[in-house]
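One structure is given here, and the rest of the page talks about it.
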Amino acid sequence: MTPKEIVAAWVEAFNRGDADALAEFYSPDAVNHQVAEQPVSGRQAIREMFAVEFSQAEMVCIVENIFQDGDWAILEWRDPLGLRGCGFFQIKNGKIVFQRGYWDKLTFLRQHGLPIPS
């Protein structure tokens, strides 16, 4: 699968809220850095991150664009509540080795009625 195809399949697993399926897209030593949070290292820690997030809020990723350049795929997305963001995925040997995401955490917390840290 190409990086673009892998990210499209990743979105399908994300929209199912399937942390186990998402974890399988990552290499064992992958890093997921959502810039509003600290980087998460390792497939198991990434799986746990998604499991916690899915338990706190119903999240839906609506693809606006997926671009590919070499071993990178770039995802532009929005959700049904109007939040927009983008993700950069570096893929080697069919697995995500690095991911960085940009989105507005404050807007997300407010939209989902989650506590806002002081």
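Looking at C86, is it in contact with a Phe, Trp or Tyr (Cβ under 7 Å, 6 or more places away or on another chain), under 15 Å from A13 (Cα atoms) and modelled with pLDDT of 95 or more? It would help to see each step written out before you state the result.
Numbers: in contact with a Phe, Trp or Tyr (Cβ under 7 Å, 6 or more places away or on another chain): yes; under 15 Å from A13 (Cα atoms): no; modelled with pLDDT of 95 or more: yes.
For C86, the condition - in contact with a Phe, Trp or Tyr (Cβ under 7 Å, 6 or more places away or on another chain), under 15 Å from A13 (Cα atoms) and modelled with pLDDT of 95 or more - is not met.
Condition (residue is surrounded by fewer than 14 Cβ atoms within 10 Å (Cβ to Cβ), under 16 Å from G85 (Cβ atoms) and acidic (D, E)) applied to the range 32-50: is it met by at least one residue? The answer is yes, given that some residue of the range 32-50 is surrounded by fewer than 14 Cβ atoms within 10 Å (Cβ to Cβ), under 16 Å from G85 (Cβ atoms) and acidic (D, E).
Which is among the acidic types (D, E) and either at pLDDT 95 or above or part of a strand (DSSP E or B) (or both), of E53, E48? Spell out how you get there, then give the answer.
Details: E53 fails: either at pLDDT 95 or above or part of a strand (DSSP E or B) (or both).
Just a single option satisfies the conditions, and that option is E48.
Where strands (runs of 3 or more DSSP E) fall entirely within the range 56-118, those with at least 1 residues that are among the basic types (K, R), touching a Gly at 6+ places or on another chain (Cβ under 9 Å) and surrounded by 13 or more Cβ atoms within 10 Å (Cβ to Cβ) are at 72-78, 95-103. Reported count of residues in the range 10-40, each being over 12 Å from the mean Cα position of the chain (by Cα), among the small types (G, A, S) and either part of a strand (DSSP E or B) or at pLDDT 95 or above (or both), is 3.
The values are calculated or read from the model by the stated rules, or taken from the named source; none is laboratory data. Note that this is a predicted model, so its numbers are computed, not measured. All Cβ positions, glycine included, derive from the backbone under ideal geometry; neighbour counts span all protein chains shown.
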